[in-house]
1. In this structure, does Leu79 turn out to be farther than 17 Å from Ala141 by Cβ, surrounded by 13 or more Cβ atoms within 10 Å (Cβ to Cβ) and at pLDDT 65 or above?
2. Being in contact (Cβ under 8 Å) with a residue 24 or more places away in the chain, under 30 Å from Gly104 (Cβ atoms) and crowded, with 21+ Cβ neighbours inside 10 Å is the requirement here; does Val140 meet it?
3. Going by the structure shown, is Arg272 in the same structural domain as Lys89 (by TED's automatic domain parsing) and closer than 30 Å to Tyr91 by Cβ?
4. When you scan the stretch 271-315, how many residues do you find that are small (Gly, Ala, Ser) and more than 21 Å from Asp115 (Cβ to Cβ)?
5. Could you tell me which of the residues Thr86, Thr94, Thr39 is surrounded by 12 or more Cβ atoms within 10 Å (Cβ to Cβ), outside any helix (DSSP H, G or I), modelled with pLDDT of 85 or more and hydroxyl-bearing (Ser, Thr, Tyr)?
Amino acid sequence: MVTIKDIALKTGVSIAAVSKALNHLPGISAEKAKEILDTAEKMGYFPNTAARMLKTNRSYNIGIVYENRLAHEYFSQVLEAVRNETSAKGYDLTFLSSEGSNDGYYEHAMRRQCDGIIVAQGNFDKAELDRLAASTLPLVAIDQQFDGHTEIVNDNVGSTEDIVKYLHEMGHERIGYIHGEDGEVTRQRLTGFYNGCAKYGIKVPKKYVIAAKFQEPKDSGLATRRLLALKDRPTCIIYPDDISYLGGLTEMEHQHLSIPDDCSCVGYDGIRLSRLLRPNLATYHQNAEEIGRRAAEELIKQIEHPQNYKVDTYVIKGNVQPGATVKDLAVK
């Protein structure tokens, strides 16, 4: 079995230097750390997990709380960024779920000896999440709010303000908004929508704003039908996400309407599908990679430096991704 001493002899450094490199600790240059890590991999070194736990009082295991959202490309991108960042720092990931188990999130996390938890945005048992947040485990939330814990959020207010600005510049004054289920994210996006409309002098009839479920094309299709049936129907409809737009697309095809000539459309998320559709979808691109990376980075800071860690909220901006589904009404 390869030991730390063997790696030290091979690389010509001290055992202490090898230990720092393997545990991603300061006190050694990035170049030398990479050389040591590469050598350890080539020699087939595997750390003694039990010994490391005794020495550091950490399992190097991070829990991810999620519920039925991994099929969504945005969440998959967030998760990939979390995995890349935690792996680079020597941590493993464990998915925590209440499905098929009598354990709650807290019990599952303790049984898996998690050093900390990342809560991804989704639909959860709130009482279970509150219990987890009230524990002593370090926790970072993505698009969730928990008192005393760091939060990494998409710019939900600014994003819908930016969408309205884009549509205003394209000459649209009658804008319908199909939003997702009630929750903090939806409330923030609605605030941004109304703020943007007020800023640009756009009037919003109550009938122009309709609720639908996230990621449910059929639901958004029915909401689209209601908007299209209005005598003074919107010239553009904003959808809660790019998948929901497909429901609107289907409904317009059933009514033999053309996008964007008869009605313009805007999605949300900026998943790869939005660029593959024809016409390509105008949407708001969330910076999933930065959201996931920052969540992992902040949690590891909490775990490794609990005494001087400062809880904060980080708002991650994305950008409007123009597309061919919005007609330029400003053209004279």
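The values are calculated or read from the model by the stated rules, or taken from the named source; none is laboratory data. Keep in mind that this is a model prediction, so the values were computed, not measured. Every residue, glycine as well, gets a Cβ built from its backbone with ideal geometry; the counts of neighbours run over all protein chains shown.
1. Details: farther than 17 Å from Ala141 by Cβ: no; surrounded by 13 or more Cβ atoms within 10 Å (Cβ to Cβ): yes; at pLDDT 65 or above: yes.
Spelling it out, it is not the case that Leu79 is farther than 17 Å from Ala141 by Cβ, surrounded by 13 or more Cβ atoms within 10 Å (Cβ to Cβ) and at pLDDT 65 or above.
2. It is true that Val140 is in contact (Cβ under 8 Å) with a residue 24 or more places away in the chain, under 30 Å from Gly104 (Cβ atoms) and crowded, with 21+ Cβ neighbours inside 10 Å.
3. Values: in the same structural domain as Lys89 (by TED's automatic domain parsing): no; closer than 30 Å to Tyr91 by Cβ: yes.
Judged against the criteria, Arg272 is not a match.
4. Summing the residues that are small (Gly, Ala, Ser) and more than 21 Å from Asp115 (Cβ to Cβ) in the stretch 271-315 gives 3.
5. When all the criteria are applied, what remains is Thr94.
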